[in-house]
Structure formats: structure tokens, C-alpha cells
Amino acid sequence: MQAVHQGIDDFAMPDPAQVRAATDLLRMLSDPTRFSVLWALAQGESNVACLAELAGTSPTAVSQHLSKLRLAGLVQGRREGTFVYYTVAEGPLGTLLVQALRAVGADPAPARRH
């Protein structure tokens, strides 16, 4: 018996390492605070205090989330005096955030940084 997918032209499965990387990325986006922080950063650079206000949580919580996002390579920071300003790392993250919101029926304005 032939597997059904063998009859589909150009059928391909992603490499297991690619699947792992994609699921790791989605896991990072699965927290509402991290999603909100990334959405705000997709609009432009910001600091912890501003991100905390936008995400509706404490600066301490935002700092912890930013640490995880930085380790995952999704955000980067630059120090200016005693402040650190964060941005979304280069890549298609803004597009992914927009698509995630559209998938649940939201009609978001596109994030500026892609």
C-alpha cells in the first residue's frame, strides 16, 4: 500500500532541526507578555519602563521576558547611560506577529519592522 503523501507532487517535510527551531520560536511567542513586548518593539525602539506600561505588567517581569527574548536572538539592546533600549532583531518577526493576530480574527495594523 502506498502512503497518500507519495502521490502529491512537490510534497516535502521540513528538516527535524527546522521543525525544532520553528516550535522553539512559537514557544517564545506563546506568552502574552512576550507577545505584547515583541509587538511594541516591532513598532520601534523602547525601554523597559515603557514596555511594562504597554504590556500592563511590572518592569521586573518585562526585564525577565526581555532576557529570554535576547537569549533567543529575538531582541537586542543598546545601552545609553543608565537605560537600555531594545529593538526587535532583524527578520520576519513583525510579519509573524501580524499573521498570528489575523489567525484569531484581529485586524492589526502591520508592524513596521519586518
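Read-outs throughout are calculated quantities, based only on the coordinates presented, and are distinct from any laboratory measurement. In this text the structure is predicted, and so the values were computed from the model without any measurement. Here the Cβ positions follow ideal geometry from the backbone for every residue, glycine too, while neighbour counts run over all protein chains shown.
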Nearest 20 debye, what's the magnitude of the dipole of region 32-107 about its Cα centre given +1 on Lys and Arg Cβ and -1 on Asp and Glu Cβ?
220
Between the modelled labels at Gln64 and Val19 (7 Å from Cα along Cα→Cβ) the distance in nm is 3.2
With a cap of 16 neighbouring Cβ atoms within 10 Å, and only residues DSSP puts in a loop, list the chymotrypsin sites (Phe, Trp or Tyr not before Pro) found in region 1-62.
Phe11
Under a Cβ-Cβ cut-off of 10 Å, what is the net charge of the residues other than Met28 that fall near it, where Lys and Arg count +1 and Asp and Glu count -1?
+1
Region 45-114-region 1-35 distance, computed between alpha-carbon centres (Å)
24
Compute the convex hull volume of the Cα atoms of the chain, divide it by the residue count, and report the result per residue in Å³ as a whole number.
140
What number, rounded to the nearest 500 deg cm²/dmol, is the helix-based mean residue ellipticity at 222 nm of the chain, given -39500 (n - 2.57) per DSSP H run of at least four residues and division by all its residues?
-15500 deg cm²/dmol
The value for region 11-76 (convex hull of the alpha-carbon atoms, volume per residue, Å³) is 92
Relative contact order for the chain: what percent, with Cα pairs under 8 Å and sequence separation of 6 or more?
23
